[in-house]
Amino acid sequence: MQSRMLRGDGYVEIVRAGAAIKALRPLHPDRVSGKKHGDFLIYTVCDDEGRVYAVHQDDMLHFTGFGFNGTHSMSAIQWGAFQSIGVALAADTFSGNFFSNGAAPKHVIKAGARMEPEQVEQLRDEYKKRYAGVNNAGLPMVLTQGLDIQEMSMTAGDAQLLESRKFQVIDIARALGVPPHMIGAQETTTSWGSGVQQQTLGFIKFSMQHHLDVIRQELNRKLFRRASPFVEHRMESLLSGDSKAEGEYMRQCIGGSQGPGWMTVNEVRRIKNLPPVDGGDVLFRPDKPAPQAEKTKDENEKDSATDPEQRDANPGSDPLGD
């Protein structure tokens, strides 16, 4: 995912030993280039030791990104957030310098007479040494020989430094398809109620699902030559932080008054790393009694048939009775 977001493509070489897969070798995207040869893609790889070799497309997991043209994709950072990141870095550098100088507004020092360039540089150095910086904030300023100081009207508030940094964070998150509240930008959305919950579900459906589809399809296409086995992503793990939602979901999986279940009790217990139980491998159906109930009924009838007291109490069941 880092390679796809930063470079547009992610590469993993499939190391085979005959028909078996020996290893999966992640590759840096800057060291891989693809070129079409007929109907196939041939990748040129440069390893850490400087050795250059070719890899056929069937032996390369190529996780493409936005704007794939057949050989490579477009980077979301380069094409969607390049200017936003540049402005954010510049604003971060400016704010760091601004506060390191004591967060003081800029000044202009006026002289009553002409000063030589050496005197101007000396005055600037002395001013910076004595009055700039956080440790010198609040010190009284002393000017001699007709010098005067004037404060400039341009301040950090006028430049809207903080506002620009906030908007740049949102622009970068938008380019990557991440809701602002997931990276701590709470100014544009509420932190209470179902608003954040719905935005998180939207992030899974409209952002994460696209990436997972690309990864899953590429793995199934290159690693397996038949329908089974196959790779899938279990999104149920996202419910693990909400015990109420997780309990309701698993209750629906088992089934009950709402309808038949599509998971057995032991399958649900396996998700929670719990041992299986007897009679927990049968799906629940409303038109049939639970397997445990059938077992209990059969055991009761068997016990009644072998119990002497129960047999004496029911003479009709005794084959030797009158």
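Here are the numbers for this structure:
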read-out	value
Residue in the stretch 42-62 that is under 23 Å from the mean Cα position of the chain (by Cα), closer than 30 Å to HIS211 by Cα and at pLDDT 80 or above present	yes
Selection status of ALA132, modelled with pLDDT under 70 and surrounded by 13 or more Cβ atoms within 10 Å (Cβ to Cβ)	yes
Residue in the stretch 225-236 that is under 25 Å from ILE271 (Cα atoms), part of a helix (DSSP H, G or I) and at pLDDT below 75 present	yes
Residues of the stretch 36-48 classified as in contact with a strand residue (DSSP E or B) (Cβ under 7 Å, 6 or more places away or on another chain) and more than 13 Å from MET60 (Cα to Cα), total	1
Criterion violated by SER73 - all others in (1) among the hydroxyl-bearing types (Ser, Thr, Tyr); (2) farther than 17 Å from ARG221 by Cα; (3) outside any loop (DSSP other than H, G, I, E, B); (4) in contact with a helix residue (DSSP H, G or I) (Cβ under 8 Å, 6 or more places away or on another chain) satisfied	(3)
Residue count for the stretch 17-70, restricted to those that are assigned to a loop (DSSP other than H, G, I, E, B) and touching a Gly at 6+ places or on another chain (Cβ under 9 Å)	6
Residue, surrounded by the most Cβ atoms within 10 Å (Cβ to Cβ), within the stretch 16-41, restricted to residues that are under 28 Å from the mean Cα position of the chain (by Cα) and of a type in the set (Gly, Ala, Ser)	GLY34
VAL108, sole failed condition from (1) in a strand (DSSP E or B); (2) over 23 Å from GLY177 (Cβ atoms); (3) touching a Gly at 6+ places or on another chain (Cβ under 8 Å)	(3)
Hits in the stretch 55-70 (condition: crowded, with 17+ Cβ neighbours inside 10 Å and closer than 20 Å to ARG216 by Cα)	MET60, LEU61, HIS62, PHE63, THR64, GLY65
Test: GLU13 is charged (D, E, K, R) and surrounded by 14 or more Cβ atoms within 10 Å (Cβ to Cβ)	yes
Flag for LEU6 being modelled with pLDDT of 90 or more and out of contact with any Cys (no Cβ under 7 Å at 6 or more places or on another chain)	no
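The values are calculated or read from the model by the stated rules, or taken from the named source; none is laboratory data. What you see is a predicted model; the values in this text were computed from it and never measured. FYI the Cβ positions are ideal-geometry reconstructions off the backbone, even for glycines, and counts take in every protein chain you see.
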